[in-house]
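Where a number appears in this text, it was derived from the coordinates with a stated rule and is not lab data. Quick caveat, the model's predicted, so the values are computed rather than measured. Please note: Cβ atoms are built from the backbone with ideal geometry, for glycine as well, and neighbour counts cover all protein chains shown.
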């Protein structure tokens, strides 16, 4: 079954969508979209570094993302720049550094577009293994830190007073995000990873009544976007990564349309059982 | 200062006087610069912070909000919501609640944990006068049911909950402390508060032996001015206040 490149692309894409959805929810809840953008832009620098050092791309990208995240946490405490300026500075500097480094390496021939916009159609069985083994690990850690991480998202002090250690969970979450970015880069490329993380979560918000429900819905919408995007790209010969993002966008538009309001209104209303 | 089991301690003081910081020290969120906090072993705290805002991106119903930091049996959730009178809001989204409903939901989630110590940071903030009376009555009945200690921060400098055992007035340090005055027997207060409120509210009469100057210095009763104010520095006539926060068993 995995002999066909299109089936491999579907399996890899759905895998990434499933892993990305719970993290995407937290990115939406904690307003970390630009933080995610910075980490994913830095991934291109990771790619350049991996080619230069002839090391494993996924692991190098993960390392660079972690480094940028740590640098960001450090600079936010020290620097006088506001957080969004700092993120913009790091995001685009890392992207530019990656492009310049690639240009210097005249001996390697790289498909730059593949890294910027993804190359899911070339996903190998090896890529799929990395996505599903790494993804299973990410999901199990997420399940483990889910409740405390969500509690700290609602109110940090309340969570801390009730025995949660938000600092530890923040670091774990950041590491998971770096991991997912390293995995998702192949599917949608460094410029579109944040879209794959946040759009399904944003589309799921309208229909969700609880955080867990929102993560599951986001996973479904993300997977559906992969299917719709890949079949669309096959049909109209459009680039696969951007097509997946466009499909996700369509789901989001449906979610904010009056059509969705009809669905949410028909849901059984809360039971009134009196005081 | 001490908070004992079954005791209600009310903190009052001007803005920036350290009321919330004191509460956070008792919760272990802030480490004290001086002195120390002694908490009973395996103390379970219920906390109602001053400001909790839940924005639209967070899908959160009241019952999920109750189980924020740990699973709580359904029966216990229903019981707590019943006690605070918001059972009908069990499946409502938190962001749609009114100020009074939200404070009751916050109290319910603190109660559901069956705490030994309840820390309430301005629980009647944004609640109208009638709502304030109802919430104070509720806090008293929670204390009576659970027998927990209550550390309550009041937004009012003079009017406190009648069930308060000890009022502590803060302004960077303990300015004065003592029990509130019972106003239920006073006709003048009954006229002011109304017959419903009089048994619930009480007045606290301050007895300061020093004044805080606008530049942060302190003028003492004997006319001397110092940069800081310490209970044991010879300027005060009251016995030294022990610098101890926390909850101990009665």
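Some points to look at:
- Legend: ranking of residues A:31, B:5, A:147 from fewest to most surrounding C-beta atoms inside 10 Å; resulting order A:31, B:5, A:147.
- Gyration tensor verdict on chain A (Cα atoms; rounded if a/c is under 1.5, prolate if a/b is larger than b/c, oblate otherwise): oblate
- Each Cα pair under 8 Å and six or more residues apart adds its sequence gap; the mean of these over the residue count of segment B:51-114 is a relative contact order of 45 percent.
- Nearest-0.05 FRET efficiency for residue B:96 and residue A:172, computed from C-beta distance (R0 35 Å): 0.65
- Across all C-alpha atoms in segment B:51-114, the radius of gyration and Dmax reach 10.6, 30 Å.
- A Cα-only calculation for the protein assembly as shown places Rg and Dmax at 28.6, 95 Å.
- Fewest-first ranking of A:26, A:227, using other Cβ atoms within 10 Å as the exposure measure: A:227, A:26
- Averaging the sequence gap over all C-alpha pairs within less than 8 Å and six or more residues apart, then dividing by the number of residues, gives segment A:5-260 a relative contact order of 32 percent.
- Spin-label model, residue A:111 to residue B:207: label points 7 Å out along the Cα-to-beta-carbon direction sit 8.5 nm apart.
- Among A:205, B:217, the ranking by other beta carbons within 10 Å of each residue's beta carbon, starting with the fewest, stands as B:217, A:205.
- Cut-off 18 Å, label 7 Å out along Cα→Cβ of residue A:55, residues of segment A:131-162 by amide N: none
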